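Visitor: First, the structure itself, so that you have it in front of you.
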Amino acid sequence: MTKGGVWPLPWSITYSNDSFSISPSTFQFTTSLTGCQIIDRAFQRYRIISFPGYKSSSSFYSEKATSVNSVSVTVSSGCSTDYPQLEMDESYSIDSTSSNGSTITANSVWGTLRALESFSHLIYKDTSGQFRWWLRQARISDSPRFPHRGIMLDSARHYLSVNMIKRNLELMAQNKMNVFHWHLVDTEAFPYTSTKYPDMSAKGAYTPKHVYSVAQIQDIIDFARDRGIRVIPEFDTPGHAGGWHGFPGLLSACFDHLGNSMLPNIIDPTQTQNWDFLSNFFGEALDLFKDNYFHFGGDEVLDDMLQCWSRNKNVSSWMEANNMGNDTSLLLNYYYKNLVQRVQQHKNTTTMIFWEEVFDMNVAPNGSVAHAWKGETMKDIMDEMFDITSRGHRAILSTCWYLNYIRYGPDWGYIDGNGTMTRGSYYECDPTNFNGTAAQKALVLGGEAPMWGEYVDGTNLIPRMWPRASAVAERLWSDPAQTTSADAAWPRLHEFRCRMMSRGYEVEPPNNPDYCPDFWDVTLPDYSNDNPSTTSPPGGSPTTTTSAACNLHTFFSVTLTIIFAFLLNVF
């Protein structure tokens, strides 16, 4: 592995041959920018994560090496209280070649956050058994290739706790990824809490415990902001709506070909009260989330969903009365056009993102963004990107980065066999690798790595996501001319994977057998303690809820035991 390698690879980095000794007990970040909370909190974080495993009681061995004690940070535009947006400036420069101290320069707080992460990668721990750290001497000038570099989490199929989401946000920041696409609700569950419509989560969530309150959502948004990460929610409609049954009549009644009732999974757009609901619901969500972009889904409105409309007598009668005959595609177009109009009436500064099917129907508004997810081979994927951009639409690619798919062997870096990759081979997939014009390729905003949640929850999210998503992070950040080989990238990824693990994250081995200087370990519970209230199970502790019925059962059991013991003593 490398020593002091930076991930993702900066656009310009020049290493010197030497390294400085650096002491975690005396090292300081300094800046003339006073009272800037986002920078102050970042300094506090990086004092810790730059030296994983260090404790103040540890003895520091410095030999006679030249040491560096500080890095001076300059933010040209000063502090900001804004939330990050697509247009944020993430550029920065680093000079760690002077023994008088290193320097970080950035135009904005967002670039400063990226610089602090890169600077922490230049620090590495001695592997000879001595407890010491070194700072690699380097000059870096860097900025991202794409402005949209995202991770999508699905918390509808399996609920993800707030702390698990934050844990993933920490790793996103360490990989310089800047968009958390939050797929909040779906057919299976509706954990999002609406203040205006509390029955949506009360009736749609798995349990009252498996929900996200408004305060928790705001907490996640603020936590992400501190790391330069945008939070873009997705509410997928009109299909995938089985969890939306908290508003009476919102979903279309569904029937099979024999007239038997089926579970509804699509919104009924023919009812006036449903449009009042959608206007109010999305208006509330648009006000809660701070980003200028908002994902409205729109994928997989399949024949079985459309048949809910065609086999529903009330819906089909409305279609006949509105000159649609029995063509459900016309009703689908009607839905999208009305949704777009109402969103724009509430907040005309919102840019709408849809899955690519909505663009295939030519109902997406001007300026909206197509999220590409279709295609099996690399040719299919790039043909889709060509088609989307040839029609003048901006695009985000996800197709080749579905991290919920797993297979045996390293899938982060290589295209198999004949080069017609299926989803996987993440490092080799480039979202602009299609035969389009320069103007078309300029419409590509970047990409996202989705983690769909059918088989993923808090127990396996992190190891399945990382460091496989790190390959996506480098592809979306770095100069493609310098990152053509997964073999050349591996020594840096090896070091970075070990770095993430030493910081306390259970990131899986992405390649063939190897090792990290520090191995992963766990603390076992102390079963010798007879008091269950002070003994925890191994690993994490699942939250539990004690019911009133259970308490009542315990009360009667204890009471009967005492009475029985008393009677034995008397007689």
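The values are calculated or read from the model by the stated rules, or taken from the named source; none is laboratory data. Small disclaimer: the values here were computed from a predicted structure and weren't measured. Heads up, the Cβs are rebuilt from the backbone with ideal geometry, glycines too, and the neighbour counts pull from every protein chain shown. Heads up: the accessible areas ignore ligands, DNA and RNA and are worked out on the full protein's heavy atoms, side chains in. Shrake-Rupley method; radii C 1.70, N 1.55, O 1.52, S 1.80 Å.
Visitor: I need the helices of the chain that pass two filters: whole DSSP H segments spanning 24 Å or more by Cα along the axis, and mean Kyte-Doolittle score no lower than 1.6.
Guide: Membrane-span-like by this criterion, though nothing is claimed about a membrane: 548-570.
Visitor: Would you kindly state how much longer the chain becomes between Ala481 and Tyr455 on full extension, computed as 0.36 nm times their sequence separation minus their alpha carbon distance, in nm to one decimal?
Guide: 5.7 nm is the gain from fully extending Ala481 to Tyr455.
Visitor: Using a 1.4 Å probe over the heavy atoms of the protein chains, calculate the carbon and sulfur portion of the accessible area of segment 19-127 as a whole percent.
Guide: Here it works out to 45 percent.
Visitor: Restricting to the chain, what percent of DSSP beta bridges are antiparallel, rounded to 5? Walk me through the intermediate numbers first.
Guide: Working: 22 of 63 bridges.
Beta bridges within the chain, antiparallel portion: roughly 35 percent.
Visitor: Right, something else. Please find the FRET efficiency linking Ser390 to Ser329, where r is the Cβ-Cβ separation and R0 is fixed at 22 Å, and quote it to the nearest 0.05.
Guide: With a Förster radius of 22 Å, E is 0.45.
Visitor: Let a ≥ b ≥ c be the square roots of the eigenvalues of the Cα gyration tensor of segment 100-158; is it rounded (a/c under 1.5), or, if not, prolate (a/b larger than b/c) or oblate?
Guide: Oblate is the answer for segment 100-158, as a/c is 1.5 or above yet b/c matches or exceeds a/b.
Visitor: Okay, next question. How far apart, in nm, are two points set 7 Å out from the Cα along the Cα-to-Cβ line at Leu524 and at Ser128?
Guide: 3.6 nm
Visitor: With +1 on each Lys and Arg Cβ and -1 on each Asp and Glu Cβ, how big is the dipole of the chain about its Cα centre, in debye rounded to the nearest 20?
Guide: 1460 debye
Visitor: Right, another one. If you take the beta carbon distance between Ser25 and Thr349 as r and set R0 to 45 Å, what does 1/(1 + (r/R0)^6) give as a FRET efficiency, to the nearest 0.05? Write out the running numbers ahead of the final one.
Guide: Details: r = 48 Å, r/R0 = 1.07.
The pair Ser25/Thr349 has a calculated efficiency of 0.40.
Visitor: Report the gain in length on full extension from His210 to Met262: 0.36 nm times residue separation, minus Cα-Cα distance, nm rounded to one decimal.
Guide: 16.2 nm
Visitor: Out of these labelled values of P(r) over Cα pairs in 10 Å bins from 0, in percent, (1) 3, 17, 29, 29, 17, 5, 0, 0; (2) 3, 15, 24, 24, 17, 10, 5, 2, 1, 0; (3) 3, 15, 21, 20, 16, 12, 8, 4, 1, 0, which was calculated from the coordinates shown here?
Guide: Looking at P(r) over Cα pairs in 10 Å bins from 0, in percent for this model, the match is (2).
Visitor: Determine, for each peptide in 77-86, 99-108, 153-162, the mean count of other beta carbons within 10 angstrom over its residues, then list the peptides with the highest first.
Guide: In descending order of packing, they fall as 153-162, 99-108, 77-86.
Visitor: Tell me which lysines have Cα within less than 30 Å of Lys166's Cα, excluding those fewer than 8 residues away on the same chain?
Guide: Lys3, Lys55, Lys125, Lys176, Lys196, Lys203, Lys209, Lys290, Lys347, Lys374
Visitor: Charges only on Cβ, +1 for Lys and Arg, -1 for Asp and Glu: so what's the dipole of segment 350-485 about the Cα centre, in debye to the nearest 20?
Guide: That gives segment 350-485 a dipole magnitude of about 200 debye.
Visitor: Gln85 to Ser32: FRET efficiency via 1/(1 + (r/R0)^6), r the Cβ-Cβ distance, R0 25 Å, to the nearest 0.05? Can you show the working numbers first?
Guide: On the way: r = 26 Å, r/R0 = 1.04.
E between Gln85 and Ser32, to the nearest 0.05, is 0.45.
Visitor: Still on this structure, I have one more. With +1 assigned to the C-beta of every Lys and Arg and -1 to the C-beta of every Asp and Glu, and no other charges, what is the dipole magnitude of segment 98-201 about the Cα centre in debye, to the nearest 20? Don't skip to the end; give the middle numbers.
Guide: Values: 12 positive and 8 negative charges, 98 e Å.
Using Cβ point charges on Lys, Arg, Asp and Glu, segment 98-201 gives about 480 debye.
Visitor: Something else now. Hey, what did segment 22-161 get for relative contact order, percent, Cα under 8 Å, at least 6 apart?
Guide: Relative contact order for segment 22-161 comes out at 27 percent.
Visitor: Take the Cα of Thr74, step 7 Å along the line toward its Cβ, and report every residue of segment 138-166 whose backbone nitrogen sits under 19 Å from that point.
Guide: Residues 138-143 qualify, since their backbone N sits under 19 Å from the label point.
Visitor: Still on this structure, I have one more. So what is the relative contact order for segment 342-404, in percent, with contacts set as C-alpha pairs under 8 Å and at least six apart? Working shown, then result.
Guide: Values: 72 pairs, mean separation 18.1, N = 63.
Reported relative contact order: 29 percent.
Visitor: Sticking with this structure for a sec: How much length would be gained if the chain were fully extended between Leu288 and Gln273, taking 0.36 nm per residue of separation minus their Cα-Cα distance, in nm to one decimal?
Guide: Difference between extended and current length: 3.1 nm.
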